[in-house]
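Structure record follows, encoded as structure tokens.
The values are calculated or read from the model by the stated rules, or taken from the named source; none is laboratory data. Here the structure is a predicted model, which means the values were calculated and not measured. Glycine also receives a Cβ, built like all others from the backbone with ideal geometry; neighbour counts cover every protein chain displayed.
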Amino acid sequence: MNIIRPFVIAGSLLSLSPAFAAPVPVLNLPAAGLPYSTTYGDFESYSMPILHWASTSAGGPAYMFNTANTIQDALVIGTGAGGNQNNQDLGLSGTVQNGFDFPNLAGNGTGNYSTTTAAGGPTWNISLTSLRDYLTFGGVQHDMVAYFNNNQSGNISNNLWAWAEITLVGNNGPMTFMLNDVGSGSPLAFGHGDYVLSGGPVTLCYNVAFANATAANIVPCDGNETDSHTFEHNLGQNDVSYAIFSELLNDLIWSNDYTEMQVRVDFQELNNGFENLFIGAACVGRDGCTTIQVPEPGSIALIGLGLLGLAAGRRSRKLSRSH
């Protein structure tokens with residue numbers, strides 16, 4: 001990121017303890033743009049399957065990861081009914097709300113859900129002291145990214161309508177960010193119809209055979225392509241489908257202008273087991289993350305000796321003047 005983030009010494013020194021290790025894999029997300037991400041309102045939604053293919057096909061790192069054994073160590077906004085995350089067990093330095101219970105619709109029924117009408121609603125709240133604490137470890141202040149597992153039933157055409165509103169609260173009033181799609185044609189519910197169509201297949205086309213393709217070979221699907229491949233995003237409750245990021249929101253989280261983040265989430269046409277929505281740490285774009293310059297123990301000792309010497313010198317001069 002381009003912004004120079006403030007270093008709050010108390011919170012950052014706490015974050016260097018072993019308890020503040022990365023709860024989920026720390027990924028280097030590329031700069032936003034097709035084919036890796038799509039803009040929805042104020043956010044970029046990254047496709048984890050496409051990122052995974054583009055990276056591994058060029059010998060890079062994996063972007064797909066399983067949350068079955070890691071989500072319990074993450075900041076969870078919502079997870080399966082009856083298994084909501086106790087975020088207060090993470091030992092963060094500020095206040096944080098526990099995660100919501102997203103519905104698990106047995107029998108593949110369909111239903112809508114909003115945190116505004118859920119127990120503990122209308123929003124999921126976290127102090128920015130806690131959030132910065134969570135994102136700072138190993139001497140690095142990381143970018144905030146939200147991860148989403150799409151878990152619909154049946155074949156790959158089953159999709160989910162999703163919408164979110166994120167508000168930062170501060171002394172100068174609130175600032176709101178939207179994850180929405182005003183042209184989606186989604187049905188109306190919970191006072192709006194600007195939902196994003198989540199899940200299902202995304203097809204990319206190539207000017208070479210897919211087995212030999214890299215991101216450099218992606219071309220329009222206009223009939224002139226040599227080959228194509230469809231990437232599935234309805235991956236179930238244990239595999240992450242999307243990474244959601246806002247550069248401006250992230251920068252403001254690290255400013256001194258706001259004190260709390262509030263998240264409202266709405267779903268339409270849920271038809272299977274629960275979805276997961278949780279927060280991870282990432283490094284986004286060419287500038288990556290900010291490294292905190294923490295003095296080595298020897299340097300801290302030298303600084304302390306220097307201050308003691310300065311104090312002794314001042315005391316000596318004061319005594320000489322009194323005689």
Checked segment 91-131 for anything part of a loop (DSSP other than H, G, I, E, B), within 20 Å of PRO187 (Cα to Cα) and β-branched (Val, Ile, Thr); matches are THR110
Among the residues of segment 247-270, are any assigned to a strand (DSSP E or B), within 24 Å of the chain's Cα centre (by Cα) and small (Gly, Ala, Ser)?
no
If we keep only residues of segment 72-94 that are at pLDDT below 85 and either outside the structural domain of SER114 (by TED's automatic domain parsing) or over 15 Å from the mean Cα position of the chain (by Cα) (or both), then the residue surrounded by the most Cβ atoms within 10 Å (Cβ to Cβ) is GLN85
Flagged in segment 56-84 as touching a helix residue (DSSP H, G or I) at 6+ places or on another chain (Cβ under 9 Å), more than 18 Å from ALA281 (Cα to Cα) and not in a strand (DSSP E or B), in numbering order, are SER57, ALA58, GLY60
Taking segment 234-281 and keeping residues among the small types (Gly, Ala, Ser) and over 13 Å from GLY199 (Cα atoms) leaves SER246, SER255, GLY273, GLY280, ALA281
Residue hits (segment 204-216; under 30 Å from GLU247 (Cβ atoms) and at pLDDT below 95) are ALA213, THR214, ALA215, ALA216
Considering segment 265-279, residues that are touching a helix residue (DSSP H, G or I) at 6+ places or on another chain (Cβ under 9 Å) and not β-branched (Val, Ile, Thr), and then whichever is modelled with the highest pLDDT, we arrive at ASP266
Considering segment 199-224, residues that are more than 12 Å from TRP53 (Cα to Cα) and in contact with an Asp or Glu (Cβ under 8 Å, 6 or more places away or on another chain), and then whichever is surrounded by the most Cβ atoms within 10 Å (Cβ to Cβ), we arrive at TYR206
Exactly one of ASP227, ASP257, ASP251 is surrounded by fewer than 23 Cβ atoms within 10 Å (Cβ to Cβ), outside the structural domain of PRO49 (by TED's automatic domain parsing) and not hydroxyl-bearing (Ser, Thr, Tyr), and that one is ASP227
In segment 118-130, residues that are modelled with pLDDT under 95 and closer than 15 Å to GLU165 by Cα total 1
Looking across segment 141-183 at residues that are under 14 Å from the mean Cα position of the chain (by Cα) and aliphatic (A, V, I, L, M), the single one that is nearest to THR115 (Cα to Cα) is ALA164
Taking segment 189-236 and keeping residues within 18 Å of ASN150 (Cα to Cα) and aliphatic (A, V, I, L, M) leaves VAL196, LEU197, VAL202, LEU235
ASP194 passes all but one of the listed conditions (1) at pLDDT 90 or above; (2) touching a His at 6+ places or on another chain (Cβ under 9 Å); the exception is number (2)
Within segment 168-193, residues being surrounded by fewer than 17 Cβ atoms within 10 Å (Cβ to Cβ) and polar (S, T, N, Q) number 4
(Q) Condition check: modelled with pLDDT of 95 or more, within 20 Å of LEU131 (Cα to Cα), crowded, with 21+ Cβ neighbours inside 10 Å and touching a strand residue (DSSP E or B) at 6+ places or on another chain (Cβ under 9 Å). Does PHE43 satisfy that? (A) yes
Sole miss for VAL263 among (1) outside the structural domain of TRP161 (by TED's automatic domain parsing); (2) surrounded by 19 or more Cβ atoms within 10 Å (Cβ to Cβ) is condition (1)
Sole miss for ILE244 among (1) loosely packed, with under 15 Cβ neighbours inside 10 Å; (2) under 19 Å from the mean Cα position of the chain (by Cα); (3) closer than 30 Å to GLY59 by Cβ is condition (1)
Residues of segment 231-249 being at pLDDT 95 or above and of a type in the set (S, T, N, Q), in sequence order, are SER246
